[in-house]
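Some notes on the structure that comes next.
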Amino acid sequence: MIEVRELRKGFGDVEVLKGLTTSFDKGKTNLIIGQSGSGKTVFIKSMLGLFRPDSGKILYDGICYSDLDFEEQRAIREKIGMVFQGSALFDSMTVEENIMFPLQMFTKMKKTEMRERANVVIDRVNLENANHKLPSEISGGMQKRVAIARAIVNNPRYLFCDEPNSGLDPHTATVIDNLIQEITKEFNITTIINTHDMNSVMEIGEKIVFLKEGNLAWEGDKTQIFRTDNEEVTNFVYSSNLFKMVRKAQNAQ
Amino acid sequence: MTYLHDIGKYFLMIKETFVKPTKGKVLRVLIFKEIDDLIIGSLGIVAFISFFVGGVVAIQTALNLTNPIIPKELIGFASRQSVILEFAPTFLSIIMAGKVGSFITSSIGTMRVTEQIDALEVMGINSLNYLVFPKIVAMCFYPFVIAIAMFLGILGAYIAAVYGGFTTADQFLTGLKDDFIPFHISYAFIKTFIFSFLLATIPSFHGFYMRGGALEVGKASTTSFVWTSVSIIVVNYFITQMLLS
Ligand SMILES: Nc1ncnc2c1ncn2[C@@H]1O[C@H](COP(=O)(O)OP(=O)(O)OP(=O)(O)O)[C@@H](O)[C@H]1O
Ligand SMILES: [Mg+2]
């Protein structure tokens, strides 16, 4: 479980996160949604310690992560898997080497064991015939999947995904969503996903945090989000034509 | 003020590079890769430049020795002194600031802008140690490159002087051995060693702390080249003052 208390983060004079308080449960797929520029990435990076919060606390299973220094955070960080919005693959390494990287760093596995383990996750993210390619030789969607494979290969206890399925076709996007949910349940980990994809919200939105200009505007789950009267949320949810049609149909009934 | 701030940050970076080391096995592979990129990869250009500049030094000396009282041995002597004292250690280091330096800045800078450094840090890896330490270790082999450059520089001078008909082989070799001060070699390698450290760390600094996108990576490489060569020149001045005078 990850708890966030009164988290504030700004750059220069601009305050991006304006005092967020919420919590993300273990064994659930927690979603952070919001418009582009609402601060989702900054929120995730502040939770990870990549940005030092201006004030507020971040607790990982009761441990106050934000008060620790880098060395003390290390034990927790080794248990974090992160999928960056831009994939952030190591471009001097092949796909397989990228995925094996956390194993190489944090386990005593032999090369063959690592390769086996890597291939298990490669299968799970539906990545065939790319093991020996460099990140620059595969498509953006494949890079995303490599990033996901790298994030889950060492069985993380906390999984962060910054728009894991942007740039993927609808089918693969669903596969990835389901995979993330499966892993979350299977290993009972705390998963936090940034997204503005309403399909993901419908599929795996067990807890949803809605950010609006750095404020936490709404919290709930996937059934509540389609029923809420909160105007900001409905504006966001029903901005897509598909959902407008769904709502019309609902109202007509 | 910002310069002072940056200098402080540079020294903090160096300190950070040596603490919280990465797993030995991983580090060893990285060091070999850097030796390949930074040292082996530079040999060709270094050999080429040293040989020809050595030749030019000899020809220039010969052509400017119009006064018959000055012995032809001076060609060998002057070539040796200029190649060993300044040309190989200093001039080549400035060329390396362009070659190795901009490679280091752009590769680390690209990792910064594409969040690869963040990816390392999320996992709890000391990214400075992971990225910069292997480069510093690899650059410890840089004095060997300079030794090769000295040899080829003098060889180039010999060939240009003797086969160009400016002097005889005997005269050149006599000049080469004339008034030889072994300490000059030590002096050259002491400064080479310091330059190798500058060549690894200053470009790393500019890459690691850069912000922005691809355009800024290019700018950072240029800035890094300027600062690395300025530092080499300044350090060269002080070392020479301290060790030779
Ligand atoms: N390193 C930074 N320095 C300064 N400002 C930043 C930085 N990172 C983000 N911001 C600002 O913070 C705000 C929120 O950015 P953020 O990247 O969190 O948006 P987001 O919700 O993730 O958007 P998207 O859905 O497009 O990824 C933006 O206005 C951005 O300009
Ligand atoms: Mg974002």
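Results, tabulated for the structure shown:
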read-out: Solvent-accessible area lost in complex, 50 Å² minimum, residues of segment B:110-159 relative to chain alone, 1.4 Å; value: B:Glu115, B:Gln116, B:Val122, B:Met123, B:Gly124
read-out: Amide hydrogen neighbours beyond the local backbone of A:Asn194, cut-off 5 Å, H modeled; value: A:Ile32, A:Cys161, A:Asp162, A:Glu163
read-out: Spatial separation of Cα centroids for segment B:53-128 and segment A:1-15, in angstrom; value: 47 Å
read-out: Prolate/oblate/rounded label for chain A (Cα gyration tensor, a/c 1.5); value: oblate
read-out: Positive-end extreme of charge dipole, segment A:2-252 - chosen from A:Phe106, A:Cys161, A:Val209 (charges on Cβ); value: A:Phe106
read-out: Per residue convex hull volume, Cα atoms of segment A:44-167, in Å³; value: 114 Å³
read-out: Residue pairs, from the table A:Lys222/A:Lys244; A:Lys40/A:Lys248; B:Lys20/B:Lys219, whose Cα atoms sit over 21 Å apart; value: A:Lys40/A:Lys248; B:Lys20/B:Lys219
read-out: Globularity index of the protein assembly as shown, i.e. its alpha-carbon radius of gyration over 2.2 N^0.38 Å; value: 1.27
read-out: Cα coordinate range in segment B:101-245, projected on the principal axes (Å, largest first); value: 65, 32, 24
read-out: Total accessible surface hidden between A and B, rounded to 100 Å², 1.4 Å probe; value: 1900 Å²
read-out: Compactness of segment A:7-52 - radius of gyration and Dmax, Cα, Å; value: 11.3, 37
read-out: Between helix B:73-82 and chain B: long-axis angle, C-alpha atoms, 0 to 90°, nearest 10; value: 10 degrees
read-out: Phi to ³J(HN,Hα) by Karplus 6.51 cos²θ - 1.76 cosθ + 1.60 over segment B:86-97, Hz, x for Gly, Pro; value: 10, 4, 5, x, 8, 4, 5, 5, 6, 5, 5, 4
read-out: Electrostatic dipole magnitude of chain A [Cβ: Lys, Arg +1; Asp, Glu -1; Cα centre; debye, to 20]; value: 240 debye
read-out: Under Karplus coefficients 6.51, -1.76 and 1.60, residue-wise ³J(HN,Hα) of segment B:208-223 in Hz, glycine/proline x; value: 5, 9, 7, 10, x, x, 4, 4, 5, 4, x, 4, 4, 4, 5, 4
read-out: Mean Cα-pair separation over length for chain B, i.e. relative contact order, pairs under 8 Å, 6 or more apart, %; value: 35 percent
read-out: Listed residues A:Met47, A:Met202, A:Met82, most fluctuating in chain A (Gaussian network, C-alpha, under 10 Å); value: A:Met202
read-out: Accessible surface of segment A:77-151 [probe 1.4 Å, protein heavy atoms]: carbon and sulfur percent; value: 46 percent
read-out: Residue among B:Leu131, B:Ile233, B:Phe103 farthest towards the positive dipole end of chain B, charges placed on Cβ; value: B:Leu131
read-out: Contour excess over end-to-end distance, with Cα ends at B:Lys177 and B:Lys25 and 0.36 nm allotted per residue; value: 50.1 nm
read-out: Ranked order, A:Glu137, B:Glu121 - accessible area, probe 1.4 Å, largest first; value: A:Glu137, B:Glu121
read-out: 222 nm mean residue ellipticity, helices alone, for chain A (DSSP H n ≥ 4; -39,500 (n - 2.57); rounded to 500); value: -12000 deg cm²/dmol
read-out: Heavy-atom accessible surface of segment B:22-244: percent carbon and sulfur, 1.4 Å; value: 73 percent
read-out: Mean separation of Cα contacts under 8 Å, 6 or more apart, over the residue count of chain A: relative contact order %; value: 27 percent
read-out: Overall dimensions of chain B by Cα: Rg and Dmax, Å; value: 20.8, 72
read-out: Positive-end residue of A:Gly39, A:Ile180, A:Gly62, charge dipole of chain A with Cβ unit charges; value: A:Ile180
read-out: Within the protein assembly as shown: Cβ-based charge dipole about Cα centre, in debye rounded to nearest 20 (Lys, Arg +1; Asp, Glu -1); value: 420 debye
read-out: Residue among A:Asn235, A:Asn199, A:Asn131 with the largest mean-square fluctuation in a Gaussian network model of chain A, springs linking Cα atoms under 10 Å; value: A:Asn235
read-out: Cα-based helix-to-principal-axis angle, B:102-113 vs chain B, degrees rounded to 10; value: 10 degrees
read-out: Helix axis angle, B:142-163 relative to chain B longest principal axis, alpha carbon, degrees; value: 30 degrees
read-out: Selected from B:Ile159, B:Ile194, B:Ile181 as most flexible by GNM, with chain B as the system and alpha-carbon contacts under 10 Å; value: B:Ile181
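The values are calculated or read from the model by the stated rules, or taken from the named source; none is laboratory data. Predicted, not measured: the structure shown is a model, and the values here were computed from it. We place every Cβ from the backbone using ideal geometry, glycine too, and count neighbours over all the protein chains shown. Accessible surface areas use protein heavy atoms only, side chains included; no ligands, DNA or RNA. Shrake-Rupley method; radii C 1.70, N 1.55, O 1.52, S 1.80 Å.
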